[in-house]
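Enquirer: Attaching a single structure in structure tokens format; questions to follow.
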Amino acid sequence: MQIPHDTRRALDVVVDLVNTAPDPGGPDGLADLGALREFVREHEISDVGVLGARDLAGVRTVRGLFGQIFAAGTDRLAAGVINELVAAAGTTPRLTDHDGYDWHVHYFAPGASVGDHIAADCGMALAFIVVSGERERLRRCEAPDCRRAFVDLSRNRSRRYCDSRTCGNRLHVAAYRARRKEAAE
């Protein structure tokens, strides 16, 4: 599956944003404005002004809607949430080339809040995934103690874990040890 650079970056933002949501009893990765500023900086989200409490609340709302898209059982349900996101964000497509990147499309309106910016650009990236018939690539880790989101970009759609070096390896080692223990009995 070929994904343009700006769409790939937007999908990375979606995944990382969804993964800031607190697990039951766990910390919120967007606990305060400092965390939101760091998120914006790490992801090089352009055209963001001074961030305030309203921005934090808006991004948390968008995060919840992105989580619903990963949980959607059908394309129709995912499309409904995506349509809600991009409509509420006031999507305004425009071509731009900035910060060393060639021409690409921004979907957020000039001067948009960071929440609307993320909802528009990332919502459109998710829309392209649904339109291309690839929604099943939006997954949650299958490790029993991990529910992190990821986009499966493997050729055969076979990725099961958010990170094969942590979750995948840990489960493979546990299965190996269980087999060895069973064989020894």
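Enquirer: Tilt of helix 5-18 relative to the longest C-alpha principal axis of the chain, in degrees (0 to 90, nearest 10)?
Expert: Roughly 70 degrees between the two axes.
Enquirer: When the Karplus curve 6.51 cos²θ - 1.76 cosθ + 1.60 is applied with θ = phi - 60°, which whole-Hz ³J(HN,Hα) does each residue of region 32-46 get, with x for Gly and Pro?
Expert: 7, 5, x, 5, 5, 4, 5, 4, 4, 5, 4, 9, 6, 6, 7
Enquirer: Just report the Cα centroid separation between region 10-35 and region 129-145, whole Å.
Expert: 18 Å
Enquirer: Less than 14 Å from a label point 7 Å out along the Cα-to-Cβ axis of ASP16: which backbone N atoms in region 95-129 qualify, by residue?
Expert: The answer is 118, 122, whose backbone nitrogens lie closer than 14 Å to the label point.
Enquirer: Evaluated at 10 °C with a viscosity of 1.306 mPa s, what Stokes-Einstein diffusion coefficient in µm²/s does region 1-92 have when Rh comes from the Kirkwood expression over alpha-carbon pairs?
Expert: For these conditions, the coefficient is 111 µm²/s.
Enquirer: Here's another thing I want to ask about it. For HIS5 and THR74 in one chain, what is 0.36 nm times their gap in residues minus the Cα-Cα distance, to one decimal in nm?
Expert: 22.2 nm
Enquirer: Quickly work out the GLU182-to-GLU38 label distance, labels modelled 7 Å from Cα along the C-beta direction, and quote it in nm with one decimal.
Expert: 4.2 nm
Enquirer: Once amide H atoms are placed 1.01 Å from N in the peptide plane, what residues at a sequence separation of 5 or more from ALA143, or on another chain, have their amide H within under 5 Å of its amide H?
Expert: It is CYS162, by chain and number.
Enquirer: Which Cys in the chain stand alone, with every other cysteine's Cβ at 4.7 Å or more from theirs?
Expert: By the Cβ distance rule, which asks for a partner under 4.7 Å, the isolated cysteines are CYS122, CYS167.
Enquirer: Tell me the mean residue ellipticity at 222 nm calculated for the chain from its helices only (DSSP H runs of n ≥ 4, each -39500 (n - 2.57), averaged over every residue, nearest 500).
Expert: Here the helix-only value at 222 nm equals -16000 deg cm²/dmol.
Enquirer: Quote the relative contact order of the chain in percent (integer), defining contacts as alpha-carbon pairs under 8 Å separated by 6+ residues.
Expert: 20 percent
Enquirer: Against the longest alpha carbon principal axis of the chain, how many degrees, from 0 to 90 and to the nearest 10, is the axis of helix 169-184 turned?
Expert: Tilt of helix 169-184: around 10 degrees.
Enquirer: Another question, then. With 5 Å bins from zero, work out the P(r) of region 6-154 over every alpha carbon pair and list the percent per bin.
Expert: 2, 10, 20, 24, 21, 16, 7, 2, 0
Just so you know, all these numbers are worked out from the coordinates, no wet-lab data involved. The shown structure was predicted, so the numbers you read here are calculated from the model rather than taken from an experiment. Note that we place each Cβ from the backbone using ideal geometry, even for glycine, and neighbour counts take in every protein chain shown.
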